[in-house]
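Reviewing the structure listed below.
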Amino acid sequence: MSSSVLVIDDEKSFRIIAEEALTREGYAVRTADSGAAGARAYGDEPADVVVLDRNLPDVDGVDLLGRLAREAQERGVDTLFLVATAYADVENAVQALRQGAEDYLTKPLQLADLLVKIRKALEARRLRNRVRALRHDAPSRALLDSRSPAMREVLERARRVAQSPSTSVLLQGESGTGKEIVARLIHDQTPGRREEAFVELNCAALSEGLLESELFGHERGAFTDAKASKRGLFELAAGGTLFLDEVGELGPQLQAKVLRALETTTFRRVGGTRDLSADVRIIAATNRNLDEEVRAGRFRLDLFHRLDVFHLTLPPLRERREDIPALARWLLDRIAQRLLKPVPAFSAEALRILGDYDYPGNVRELRNILERALILETSGTIGPDSLLLGSARLEQPPADAFFSVGLADGQPPTLADLEKLYIERLLEHAGGNRSQVARFLEVSYPTVAKKIADYGIKLPD
């Protein structure tokens with residue numbers, strides 16, 4: 001998708017020459033001969049770059065710049081503004097920069113200078129977006145430092161497919177296994193795309209009608225609240241990557257439209273009459289088994305094959321337990337920074353418990369467990385008593401955790417015998433987790449630890 005330029009200038013000859021030159025360079029160009037006309041054109045459809053004259057017949061160009069910059073901010077559009085001002089008029093140039101202009105040009109305008117300024121402004125924006133993305137992703141990168149053979153194989157295959165810029169990739173795996181992080185890894189290592197946008201959409205978060213508008217955009221008046229045209233994510237991701245998370249949640253009609261966009265690289269905005277094109281790399285992710293969804297008739301076979309050109313399945317955390325200690329330490333450090341608390345250490349028992357747990361919620365659940373632990377911890381060390389696993393604790397022991405005790409030599413067992421046996425059964429049920437046993441008994445962790453030591457109870461393997 002080519003970048004769009006809006007030229008607002010009252011000099012007709014300049015508008016004509018600029019439109020011809022910019023169109024030859026591949027830009028989508030519109031022009032306006034006054035501030036009012038320029039404001040209407042921008043309101044109908046924001047542009048990537050706005051070139052406006054400082055001295056317009058009906059409005060001060062700097063005032064118009066301020067209004068358009070505020071509108072861009074409200075609409076979440078990253079528009080670049082270039083202001084043309086009189087030669088050596090430093091005061092006007094500084095004022096324009098303060099109002100949000102990317103740069104200024106001096107009159108009389110030279111086409112070569114205009115083209116260079118526009119290219120430099122767009123390149124500067126790409127670099128800013130790249131820096132923001134790297135800052136956003138820096139914490140996530142640590143999650144990719146895996147010791148697990150299964151995860152290392154996934155990462156190696158991800159790096160290989162990154163070298164194929166147009167190949168669609170389907171990521172499957174349980175929720176919380178890091179599919180978005182792997183998608184960003186592929187984007188960031190793809191030549192020619194890593195400098196462009198990484199745009200993501202959770203397909204489960206919106207209704208089908210809103211999803212269509214979000215993906216393909218809409219024209220002004222397409223529906224009741226469409227007071228201005230809007231670019232969709234296919235347009236915003238042009239040249240880069242569009243990450244469709246939870247793609248299995250797409251409805252049948254939208255599946256057909258996404259398939260057409262992928263096969264033809266063209267689409268139409270909601271309410272639009274013309275085809276638009278965008279060179280986009282698609283990475284899709286789902287925690288569903290799309291093979292089963294296809295067999296059940298809930299997902300199109302042709303779309304599945306279009307997405308599943310290259311397949312990666314991320315292992316759950318319980319299948320990469322060797323990563324848990326380092327991952328837990330790293331996550332705890334990040335959580336402590338956010339909560340403005342000192343970073344505690346882990347006791348050996350706490351690390352053992354974390355390593356033994358199955359994590360149905362994967363890395364996301366581990367992060368939640370550690371945040372709860374940091375809130376509860378008061379000693380400077382994360383111990384077993386601070387680890388609330390599962391939704392907060394294990395289910396209460398089933399009926400077979402209670403027992404009957406036969407009489408030995410006709411003598412009833414002592415209370416100590418019963419207590420020892422009861423703790424042994426609870427430990428078996430809790431997989432050796434003494435913190436969970438303490439919660440079952442509604443006593444403190446030290447109390448349980450002391451009972452285990454006093455009775456010489458051996459922890460279950």
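Selection of region 143-159 for residues being under 11 Å from Gly178 (Cβ atoms) and modelled with pLDDT under 90 yields Leu143, Leu144, Ser146.
The residue pairs whose first member lies in region 164-184 and is assigned to a helix (DSSP H, G or I), whose second member is open to solvent by 30 Å² or more (accessible area, probe 1.4 Å) and among the acidic types (Asp, Glu), and whose beta carbons are closer than 9 Å, counting only pairs six or more residues apart or on different chains, are Lys179/Asp245; Glu180/Glu200; Glu180/Asp245; Ala183/Glu200; Ala183/Asp245; Arg184/Glu200. Of the set (1) aliphatic (A, V, I, L, M); (2) over 23 Å from Gly432 (Cα atoms); (3) within 25 Å of the chain's Cα centre (by Cα), all apply to Ile324 but (2). Within region 226-252, the set of residues being charged (D, E, K, R) and crowded, with 18+ Cβ neighbours inside 10 Å comprises Lys230, Arg231, Glu235, Asp245, Glu246, Glu249.
Of the listed requirements (1) assigned to a helix (DSSP H, G or I); (2) modelled with pLDDT of 80 or more, Ser435 misses just one: (2). Hey, any hits in region 334-349 for a residue that's in contact (Cβ under 8 Å) with a residue 40 or more places away in the chain and more than 25 Å from the chain's Cα centre (by Cα)? Yes: region 334-349 contains one or more residues that are in contact (Cβ under 8 Å) with a residue 40 or more places away in the chain and more than 25 Å from the chain's Cα centre (by Cα). Regarding Asp48, is this residue under 28 Å from Thr266 (Cβ atoms), in contact (Cβ under 8 Å) with a residue 60 or more places away in the chain and buried (at least 16 other Cβ atoms within 10 Å of the Cβ)? Yes; evaluated as a whole, the condition is true for this residue.
Scan region 252-263 for residues that are over 22 Å from the mean Cα position of the chain (by Cα) and either of a type in the set (Phe, Trp, Tyr) or farther than 12 Å from Arg306 by Cα (or both) and jot them down. Before the answer, list the steps.
Keep residues of region 252-263 that are over 22 Å from the mean Cα position of the chain (by Cα), which gives 252-253, 256-257, 259-261, 263.
Passing the criteria: Pro252, Gln253, Lys257.
Close contacts from region 95-110, counting a first residue that is aromatic (Phe, Trp, Tyr) and a second that is open to solvent by less than 60 Å² (accessible area, probe 1.4 Å), with Cβ to Cβ under 6 Å and a gap of 6+ residues or different chains, come to Tyr104/Val83; Tyr104/Thr85; Tyr104/Ala93; Tyr104/Ala96. Scanning region 253-284 for residues that are surrounded by fewer than 20 Cβ atoms within 10 Å (Cβ to Cβ), more than 12 Å from Leu215 (Cβ to Cβ) and among the charged types (D, E, K, R) yields Glu263, Arg274, Asp275, Asp279.
Residues that are within 21 Å of Leu122 (Cα to Cα), part of a helix (DSSP H, G or I) and not basic (Lys, Arg) within region 18-42 comprise Ala18, Glu19, Glu20, Ala21, Leu22, Thr23, Gly38, Ala41, Tyr42, listed in sequence order.
Surrounded by fewer than 17 Cβ atoms within 10 Å (Cβ to Cβ), at pLDDT 80 or above and not in a loop (DSSP other than H, G, I, E, B), is that true of Glu419? It would help to see each step written out before you state the result.
Working: surrounded by fewer than 17 Cβ atoms within 10 Å (Cβ to Cβ): yes; at pLDDT 80 or above: yes; not in a loop (DSSP other than H, G, I, E, B): yes.
It is true that Glu419 is surrounded by fewer than 17 Cβ atoms within 10 Å (Cβ to Cβ), at pLDDT 80 or above and not in a loop (DSSP other than H, G, I, E, B).
Just a yes or no: is a residue in region 210-223 over 19 Å from the mean Cα position of the chain (by Cα), polar (S, T, N, Q) and over 19 Å from Arg288 (Cα atoms)? Yes - at least one qualifying residue is present in region 210-223. From the list Gly66, Gly38, the one residue that fits, being farther than 22 Å from Gly221 by Cα and more than 30 Å from the chain's Cα centre (by Cα), is Gly66.
Contact map, region 275-298: first residue part of a strand (DSSP E or B), second residue open to solvent by 60 Å² or more (accessible area, probe 1.4 Å), Cβ cut-off under 6 Å, separation 6 or more or different chains; pairs are Ser277/Thr265. Do the conditions hold for Leu427, that is, is it at pLDDT 80 or above, surrounded by fewer than 14 Cβ atoms within 10 Å (Cβ to Cβ) and not β-branched (Val, Ile, Thr)? Judged against the criteria, Leu427 is not a match.
Identify, from the list Asp9, Asp58, the residue that is open to solvent by less than 40 Å² (accessible area, probe 1.4 Å), at pLDDT 90 or above and acidic (Asp, Glu). Can you show your working first?
On the way: Asp58 fails: open to solvent by less than 40 Å² (accessible area, probe 1.4 Å).
Result of the check over Asp9, Asp58: Asp9.
Given the criteria open to solvent by 80 Å² or more (accessible area, probe 1.4 Å) and either closer than 17 Å to Val7 by Cα or modelled with pLDDT of 90 or more (or both), does Pro108 qualify? For Pro108, the condition - open to solvent by 80 Å² or more (accessible area, probe 1.4 Å) and either closer than 17 Å to Val7 by Cα or modelled with pLDDT of 90 or more (or both) - is met.
The residue list Leu387, Leu441 contains one member that is modelled with pLDDT of 80 or more and surrounded by 11 or more Cβ atoms within 10 Å (Cβ to Cβ), which is Leu387.
The values are calculated or read from the model by the stated rules, or taken from the named source; none is laboratory data. In this text the structure is predicted, and so the values were computed from the model without any measurement. With ideal geometry, Cβ positions are generated from the backbone for all residues, glycine too; neighbour counts draw on all protein chains shown. Note: accessible area is taken over every heavy atom of the protein model, side chains too, but ligands, DNA and RNA are not part of it. Shrake-Rupley method; radii C 1.70, N 1.55, O 1.52, S 1.80 Å.
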